[in-house]
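One structure below.
The values are calculated or read from the model by the stated rules, or taken from the named source; none is laboratory data. If you're wondering where the values come from, they're calculated on a predicted model, not measured in any experiment. FYI the Cβ positions are ideal-geometry reconstructions off the backbone, even for glycines, and counts take in every protein chain you see.
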Amino acid sequence: MIAARRKRRRTLSITSLIDVIFLLLLFFMLASTFQQFSELEVGGVSASGGSAEASKAESFSLIVGPSQLTLDGAAMADAQLVRRLSVASDKPKKLNLQVASGVSSQRLIDIMVLLEPISDLNVNLVAQP
């Protein structure tokens, strides 16, 4: 009588578990970013900031806005900035870079990456007054 009452166990189906795992995998793959990050070398302040060589440098003032650039009071596009600063000169170039309010850090990094290949360019970050 005891044997007759014993019910047969059903086997567990893992099909729904596999579906859930697949959906989680799909979600995390689509939610991830597959960007390649690069490094931007930032140098420290040199001790010879007031040397005679620094006073001979050609000086520029750049204001970075959320969507525009202003070099010495003239608005320009990103590609124009690179062309303007790449002009061959025997003097080193000094760029005072000021960031306007509302500019993202990614925008600032994009501009710094554009300026990196320009030879003899010393970039100084200037605080807003």
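For the stretch 70-88, which residues satisfy the criterion of being small (Gly, Ala, Ser) and either in a helix (DSSP H, G or I) or at pLDDT below 85 (or both)? Step through it out loud before you land on a result.
Filtering the stretch 70-88 down to residues small (Gly, Ala, Ser) leaves 73-75, 77, 79, 86, 88.
Answer for the stretch 70-88, where residues must be small (Gly, Ala, Ser) and either in a helix (DSSP H, G or I) or at pLDDT below 85 (or both): 79, 86, 88.
Please count how many residues of the stretch 105-125 are under 11 Å from residue 64 (Cβ atoms), surrounded by fewer than 14 Cβ atoms within 10 Å (Cβ to Cβ) and aliphatic (A, V, I, L, M).
Number of matching residues: 2.
Mind checking which residues of the stretch 83-121 are over 18 Å from the mean Cα position of the chain (by Cα) and among the aliphatic types (A, V, I, L, M)?
In the first step, residues of the stretch 83-121 are kept if they are over 18 Å from the mean Cα position of the chain (by Cα); the result is 83-96, 118-121.
Of everything in the stretch 83-121, those that are over 18 Å from the mean Cα position of the chain (by Cα) and among the aliphatic types (A, V, I, L, M) turn out to be 85, 87, 88, 95, 118, 121.
Sort out which residues of the stretch 85-104 are more than 19 Å from residue 125 (Cα to Cα) and not polar (S, T, N, Q), and write them in order of number.
Just the residues of the stretch 85-104 that are more than 19 Å from residue 125 (Cα to Cα), to begin with: 86-91.
Result: 87, 88, 90, 91.
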